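The values are calculated or read from the model by the stated rules, or taken from the named source; none is laboratory data. Treat the numbers as computed from the prediction; the structure is a model and nothing was measured. Positions of Cβ are generated from backbone atoms using ideal geometry, with glycine treated the same way; all protein chains shown enter the neighbour counts. Remember, those area values only see protein heavy atoms, side chains included, never the ligands or the DNA or RNA. Shrake-Rupley method; radii C 1.70, N 1.55, O 1.52, S 1.80 Å.
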Number of protein chains: 2
Amino acid sequence: MSKTARTASVTPLLGEGDDVGTVAKFFRALGDPSRLRLLEFLLDGEHSVSDCVAHIGLSQGRVSTHLACLADCGYVRARREGRWCYYRVADPRVAELVMLARALAADNGAALAACERIDGPEPHRDRA
Amino acid sequence: MSKTARTASVTPLLGEGDDVGTVAKFFRALGDPSRLRLLEFLLDGEHSVSDCVAHIGLSQGRVSTHLACLADCGYVRARREGRWCYYRVADPRVAELVMLARALAADNGAALAACERIDGPEPHRDRA
DNA sequence: TGAACATATTCGCCAAAGCAGATATTATGC
DNA sequence: GCATAATATCTGCTTTGGCGAATATGTTCA
């Protein structure tokens, strides 16, 4: 369902024309703690897959998939060298994005941490 | 919540001091198409809950929860007026964040859309 | 008081997606 | 060729979380 030119008013800043689902997917890639940690590790510099495995402590398969996901989304780029595969951040704006999110999140840390609408209400529901 | 294994990475550009899980949560809030659409709608200006319901076409309960979630995360702020509740974007940096993500996502639109690691590879998946 | 309205919360259902472990692929060396 | 190492993909299992519908809370007015 394409709704053409909804308002055209006060939002020259955002397209609204392009796919919201795609951008949501883009955000969702960083919505997982493991991937975000991987990305931050790579913001530190180029690292091989096994470096990443050692750093975050997940299974090799999981890490490989996470890195591939970050690469698909354009956050990082892979460089093959023999049997090794090195990943590095693909665009300097990625650091900007993360820093901006950090700043915003920090300004609302308390409420964010308490937000039960994301991440489950509690271990188990016990009505009172 | 799981233990966020205390990354000892050397990351001068990013705070690193604060919890990765919290920032991931922050990103995750925009990782849902419905919430992202709501946020974009609010970037257009202040709107009531029922305005939002009419705009995105989800159930009233869902919209209310999504808005509360965005508020918890600090993206928007609520203003009560009688029976109505108006939501508006809480910080100008939110627009920056979304625009930056849009720009990055646009530069990698093809691969991002094709990324099956998020959103399902599946036999025959179908998306709205 | 109660009815009508706007919003918030709860409930069961089910798809999306994280995880480890097994396996497949590719590259190097013997 | 075979063995080994580094990475990629597949297979189940389990949790997270979005959804509508029902319900609860709160507000205004008669």
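Identify the single condition in (1) touching a strand residue (DSSP E or B) at 6+ places or on another chain (Cβ under 9 Å); (2) hydrophobic (A, V, I, L, M, F, W, C); (3) under 20 Å from B:ARG117 (Cα atoms) that A:LEU43 does not satisfy, given that it satisfies every other one.
(3)
Are any residues in the range B:82-93 part of a loop (DSSP other than H, G, I, E, B) and either of a type in the set (A, V, I, L, M) or within 11 Å of DNA strand C (Cβ to nearest atom) (or both), and if so, which ones?
Of everything in the range B:82-93, those that are part of a loop (DSSP other than H, G, I, E, B) and either of a type in the set (A, V, I, L, M) or within 11 Å of DNA strand C (Cβ to nearest atom) (or both) turn out to be B:GLY82, B:ARG83, B:ALA90.
Quick check on the range B:81-89. Is at least one of its residues surrounded by 21 or more Cβ atoms within 10 Å (Cβ to Cβ) and either modelled with pLDDT under 95 or touching a Pro at 6+ places or on another chain (Cβ under 9 Å) (or both)?
The answer is no; no qualifying residue exists.
If you go through the range B:26-49, how many residues are more than 12 Å from DNA strand D (Cβ to nearest atom) and more than 10 Å from every other protein chain (Cβ to nearest Cβ)?
Number satisfying all stated conditions: 4.
Taking the stated definitions as given, is B:LEU67 surrounded by 15 or more Cβ atoms within 10 Å (Cβ to Cβ) and touching an Asp or Glu at 6+ places or on another chain (Cβ under 7 Å)?
no
Out of the range A:52-61, which residues are open to solvent by 60 Å² or more (accessible area, probe 1.4 Å) and within 7 Å of DNA strand D (Cβ to nearest atom)?
A:GLN60, the sole residue that qualifies.
For the subset of the range A:63-91 comprising residues that are within 13 Å of chain B (Cβ to nearest Cβ) and within 7 Å of DNA strand D (Cβ to nearest atom), which member is nearest to A:LEU38 (Cα to Cα)?
A:LEU67
Consider B:VAL98 carefully, then state whether it is closer than 23 Å to A:ILE118 by Cβ and more than 8 Å from chain A (Cβ to nearest Cβ).
No, not satisfied.
Return the pair list, or none, for Cβ contacts closer than 8 Å from residues in the range A:22-38 that are over 11 Å from B:PRO33 (Cα atoms) and open to solvent by 10 Å² or more (accessible area, probe 1.4 Å) to residues that are of a type in the set (Gly, Ala, Ser) and part of a loop (DSSP other than H, G, I, E, B), at least 6 apart or on different chains.
A:PRO33/B:SER2
Look at B:THR7 and say whether it is facing chain A (nearest Cβ under 7 Å) and modelled with pLDDT of 95 or more.
Taking the combined requirement at face value, the residue does not satisfy it.
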